Amino acid sequence: MPLDPVFVADCPYGPGGLLIDEILEVSPEENRIRCRMPVHDELPITREQRAHPVRHPRHVSGGLMVHVTGMVGYAHAYYLLGLRHAEGWIGYGARINSARFHNLAHVPGEPLVLEGKARQVRKGATKVLAHYDLRFTQGGTLVYEGDQTAIWLKVAEGTVAEDAFD
């Protein structure tokens, strides 16, 4: 499904940082979301590469892929956990348990299919902890696999996010 403008407006990053252009699947039964990310020469960090056709072909930067794991987490929190930035919820990466770059994601190239599955979620009134398995593919080829934890905090009016960690 195309992105809902309310979803885009609720994101703590603008469209250039959201990077997702379509939600492919929302599966409450499997606590999983699948999204699509276009791949082009103007991606952040990627556009700054000094590419060489043999030694350093243009590809989606590993740092950008780690950022995109957060955007998958945001989409999961929005569509499956019902957390809204506009209602005071904000998410942060808490731990990268493992990150494996299996193959280069070629630029230009087919879009990436980003899959995030929450294998464990612990919910409180003002904190949610989610443990994610992430898999990114390009044209059916696995390019990234991660095991990561995120924390979602409800930040009350008149406070700052740092206070919510206590």
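Karplus couplings for region 115-125 from phi (6.51 cos²θ - 1.76 cosθ + 1.60, θ = phi - 60°), rounded to Hz, Gly and Pro as x?
10, x, 10, 7, 8, 8, 9, 10, 10, x, 5
So if I take the centroid of the Cα atoms in region 101-150 and the same for region 57-95, what is the distance between those two points in Å?
After rounding, the separation between the Cα centres reads 9 Å.
Quick one: T126, T149, T46, fewest Cβ neighbours within 10 Å first, how do they rank?
T126, T149, T46
Take E110, E162 and order them by how many other Cβ atoms sit within 10 Å, fewest up front.
The fewest-first ordering by Cβ neighbours comes to E162, E110.
Given only helices, namely DSSP H runs of n ≥ 4 each adding -39500 (n - 2.57), what is the per-residue ellipticity at 222 nm of the chain, to the nearest 500 deg cm²/dmol?
One gets -5000 deg cm²/dmol as the mean residue ellipticity at 222 nm.
Considering the values [x] 19.1, 65; [y] 16.1, 54; [z] 23.4, 91, which represents Rg and Dmax of the Cα atoms in Å as calculated for the structure under consideration?
Matching entry in [x] 19.1, 65; [y] 16.1, 54; [z] 23.4, 91: [y].
Calculate, in nm to one decimal, what E110 and A161 gain on full extension: separation in residues at 0.36 nm each, minus their alpha carbon distance.
Result for the pair: 14.6 nm of gain on full extension.
If you place +1 on the Cβ of every Lys and Arg and -1 on the Cβ of every Asp and Glu, how big does the dipole about the Cα centre of region 5-164 come out, in debye to the nearest 20?
In debye, rounded to 20, region 5-164 gives about 420.
Taking the Cα atoms only, what angle lies between the long axis of helix 62-79 and the longest principal axis of the chain, rounded to 10 degrees?
With both axes taken from Cα atoms, the answer is about 40 degrees.
Given 0.36 nm per residue, what is the gain on full extension from E22 to R84 after removing their alpha carbon distance, in nm?
20.5 nm
Laboratory data are not the source of any read-out in this text; all were calculated from the coordinates shown. Predicted model only: the values in this text are computed from it and were never measured. All Cβ positions, glycine included, derive from the backbone under ideal geometry; neighbour counts span all protein chains shown.
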